[in-house]
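I have placed the structure first, in the form of structure tokens, so that the comments after it can refer back to it.
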Amino acid sequence: MPERTPTARDFKRWRQYLADERAEAAVYRDLARRRHGEEREILLALAEAEGRHVKHWLGLLGDKAGSARRPSRRNRLVGLLARRFGSVFVLALAQRAESRSPYASDADATASMAADEQIHEEVVRGLATRGRNRLSGTFRAAVFGANDGLVSNLSLVMGMAASGVGSHVVLLSGVAGLLAGALSMGAGEFVSVRSQRELLSASRPTQITLSAASSLDIEHNELLLVYLARGMSREAAEHRVAERMGRFTCDCDPSLSLQPEATPGEDAHETIGTAWGAATSSFCFFASGAIVPVLPFLFGMTGVPALILACVLVGLVLMATGAVVGLLSGTSPLSRALRQLGIGMGAATATYLLGLLFGSVIG
């Protein structure tokens, strides 16, 4: 079967692929410059793989490569962020970009290239997960605090305004809601995270088996019960007991040696976050969210125009926080933004209607 003669559209598509592959390789190199050790090597290997794809498209284009095209808007944005920040946000965007590779359905891309892109998505997902784990505790408190401040104080302001009280009362209610909510959120997060860390620390195995093993009665060896209680199978527990009793000079079967009493090299509860970090994030972000619906009243606006502007401002911030969550989770920023907007506006509308009802009953 004769080879197909490339068309002008083919050359245009290949040049776009070439530009995007070069941009992706540059992103991984920029990220590697801010990493060290294993993560750096992984990122450089990804850049090298993208370089092989560049050679493929250069080979197809030949003398038709022409002047370099601009990468797609998405790749330009990722490249800009990688050069300036090199954060988990960039990895999340790169993960999403890898998942949208068109090579699987493009006959001009090789099967190995399509497979590369699928594997790259999983590699970047793994790297992004490391970053997500490092910030997940504080990030959870920050997102929860900001959204709670936005929605609760907007609901409070709208409910008070709908009840028919004066604008100065609405303003005072909003400020009181900001202060009370921020302090409550900060204190609640501190107690919650501190309690959770203490609970997990109390559940973590100790190294007592190391010091007690030599003095145990072999005939009534309760060390087996320790490992069974920790969740090992009986086979694995018996193997571990034999190791602790000195019957083996090494781990003969590492798959059975879970070593639960090994000292972790880093904070075992890193993904929970610290109590002070969660409390500070929650306080600051609740306050920053709760101030938004009060701004129109602070600047002297009153009545319906102030409420409309408050809703618009809160809606924009809700969509922004939803988009950030979408980016970090590797999902659609737009869908997450609309979800946040719908939930927030739904709660505020319900409170406004209750305020109207309450005002009419009291009035």
Exercise. Of all residues in the stretch 1-53, which are open to solvent by 50 Å² or more (accessible area, probe 1.4 Å) and among the basic types (Lys, Arg)?
Worked result: Arg4, Arg9, Lys12, Arg13, Arg15, Arg22, Arg29, Arg33, Arg34, Arg40, Arg52
Problem set entry | In the stretch 302-312, the residues that are open to solvent by 50 Å² or more (accessible area, probe 1.4 Å) and under 20 Å from Thr349 (Cβ atoms) | Val304, Pro305, Ile308, Leu309, Val312
Seminar exercise, completed: Among residues of the stretch 101-129 being open to solvent by less than 40 Å² (accessible area, probe 1.4 Å) and hydroxyl-bearing (Ser, Thr, Tyr), the residue modelled with the highest pLDDT is Tyr103
For this session: Within the stretch 70-80, identify whether any single residue is open to solvent by 20 Å² or more (accessible area, probe 1.4 Å), touching a residue at least 12 places away in the same chain (Cβ under 8 Å) and farther than 19 Å from Arg96 by Cβ, and answer yes or no.
Result: yes
Exercise. Taking the condition in contact with a Gly (Cβ under 7 Å, 6 or more places away or on another chain), of a type outside the set (Phe, Trp, Tyr), modelled with pLDDT under 75 and open to solvent by less than 40 Å² (accessible area, probe 1.4 Å), does Val241 pass?
Worked result: no
Problem set entry | the stretch 332-349, subset open to solvent by less than 50 Å² (accessible area, probe 1.4 Å) and in contact (Cβ under 8 Å) with a residue 60 or more places away in the chain, residue farthest from the chain's Cα centre (by Cα) | Ala348
For this session: Would you check if Ala290 is at pLDDT 85 or above, among the aliphatic types (A, V, I, L, M) and over 33 Å from the mean Cα position of the chain (by Cα)?
Result: no
Exercise. When the stretch 82-100 is examined, which residues are found to be surrounded by 14 or more Cβ atoms within 10 Å (Cβ to Cβ) and either of a type in the set (D, E, K, R) or modelled with pLDDT of 85 or more (or both)?
Worked result: Arg83, Arg96, Glu98
For this session: Test Ala229 against the stated conditions and say whether it is small (Gly, Ala, Ser), under 30 Å from Val143 (Cβ atoms), loosely packed, with under 14 Cβ neighbours inside 10 Å and modelled with pLDDT of 70 or more.
Result: no
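The values are calculated or read from the model by the stated rules, or taken from the named source; none is laboratory data. Quick caveat, the model's predicted, so the values are computed rather than measured. Ideal geometry is used to build each Cβ from the backbone, glycine not excepted, and the neighbour counts take in all protein chains shown. Note: areas computed on protein heavy atoms with side chains; ligands, DNA, RNA excluded. Shrake-Rupley method; radii C 1.70, N 1.55, O 1.52, S 1.80 Å.
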